[in-house]
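What follows is a set of notes on a single structure, which appears directly below.
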Amino acid sequence: MNMPGHVSRLRAVCAAWFDGHASQVEVGEPRRIDWWRQIPFVAIHAGCLTLPWVGVSTVAVAAAAALYVLRMFAITGFYHRYFAHQAFRAGRGVQFVFAAVAASAAQRGPLWWAAHHRHHHLHADEPEDCHSPLRHGFVWSHSGWFMATENFATRDKLVGALARYPELRFLDRWDAVAPLTLVALLWTAGALGEHFAPDLHTSGAQLVAWGFCVSTVALYHATFSINSLAHRFGSRRYATRDESRNNFWLALLTFGEGWHNNHHRYPVAARQGFFWWELDLTYYGLRLLCALGLIHGLNPVPAAVLDAGARREEGA
Ligand SMILES: [Zn+2]
Ligand SMILES: [Zn+2]
C-alpha cells in the first residue's frame, strides 16, 4: 500500500531526528532550512520557558552549571582540539567517554562536528566556508548553516581515520542517544530527589529544564559565537588569511576558544591561549588529564610562532 506523500515525509523527518544516516539521502536546495528537522533544537529552547512552572533549587542550578562546564570542556577539548585537530593523543576508552559527554550537548556526533570544522579551516572566510559571518552574515554563521540541508550529512571524506572506530560511528549516526540518556538520568535523579530528599525542592522536570535545557542552550550559543563573532570582533595578532580574531570575553565563555586568531595561526596546538595572560581553561583541564595519565602528547606551539606573536605584542 502506498503511503500518502505527507505521511512518508513525516516518517522521513522523524527518522532524521534520530538517525544521522537519514541525512545521506537528503535532496533539495542545499541552503534551504528544513524547519521540521529543527523541532528538537527549537524544543530544547522552548524547554527553558518551563522554568516558571518547574521552579528553581540550588541543586538544579548547580546541575546546570556543572553540565555546562563538563560539556564545554568535552566540546572544546575533544570535539575540537582532539577529534578535529589531533592536538594530543588519547586511548580508545577516554576518547569514547569524552565523545559521549560532548555528544550529550546535542551538537551532533563527533565525526560530523570534526568534519565540518576541518572544512571550516580548509576554507575559512572563503565562499565555501559553511559559517563565515563575512560571507553569509551573522544569523547564518551563528545558527543557520547547520540547519541547511547541505550540512546535515557528515563529510565522511574529511574524517576517514576517525570512522574506523565503530563506537564513534554509533555516536555519530544515532546522535540523539547521548542527549536523551542525559535527559533520562536527570529526570531519574530529580524524581528520586523529590521522593527521598524533599528538602532539595527539586523534581524530574526541574532537573531536566535546568540541567539539560538551560545548560544546553547556553552551550549552543557560546559555541556558535565562535563561528559568528570570533571572525568579526577582537584583535588580530597574526595576519592569517582569514578574519579570525582574539577575544577575551569569548575565550572566557568558551574556555579558551576565543583565542581564535591564535588558533587559526596554529590549529594543531593543544593550547589556544598562547601566552600566560590568555585564559584557556580547556588547556588547563587537558594538562590535568595529562598529569593523571589519561591523555598524552599535548602538541606545543612552535617557538617561531610564539616569537612572532611576542614581537607583535611589543609592537615590533
Ligand atoms: Zn574560525
Ligand atoms: Zn579549529
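Out of everything in the stretch 262-285 that is part of a helix (DSSP H, G or I) and out of contact with any Asp or Glu (no Cβ under 9 Å at 6 or more places or on another chain), what residue ends up being surrounded by the fewest Cβ atoms within 10 Å (Cβ to Cβ)?
Residue satisfying both the conditions and the ranking: Tyr284.
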What number of residues within the stretch 241-260 are within 12 Å of ligand 2 (Cβ to nearest atom) and within 13 Å of His121 (Cβ to Cβ)?
-> 3
Any idea which of (1) hydroxyl-bearing (Ser, Thr, Tyr); (2) over 27 Å from Trp140 (Cα atoms); (3) buried (at least 19 other Cβ atoms within 10 Å of the Cβ); (4) free of Cβ contacts under 8 Å to residues at least 60 places away in the same chain is the one Tyr79 doesn't satisfy?
-> (2)
Screening His221, His263 for residues that are within 14 Å of ligand 2 (Cβ to nearest atom), out of contact with any strand residue (DSSP E or B) (no Cβ under 7 Å at 6 or more places or on another chain) and under 23 Å from His116 (Cβ atoms) leaves only His263
What number of residues in the stretch 229-258 are of a type in the set (A, V, I, L, M, F, W, C) and within 11 Å of ligand 1 (Cβ to nearest atom)?
-> 2
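Each reported figure results from applying straightforward, stated rules to the coordinates on display, with no laboratory input. Everything quoted here is computed from the prediction, not taken from an experiment. Reconstructed Cβ throughout: ideal geometry from the backbone, glycine too, with neighbour counts over all protein chains shown.
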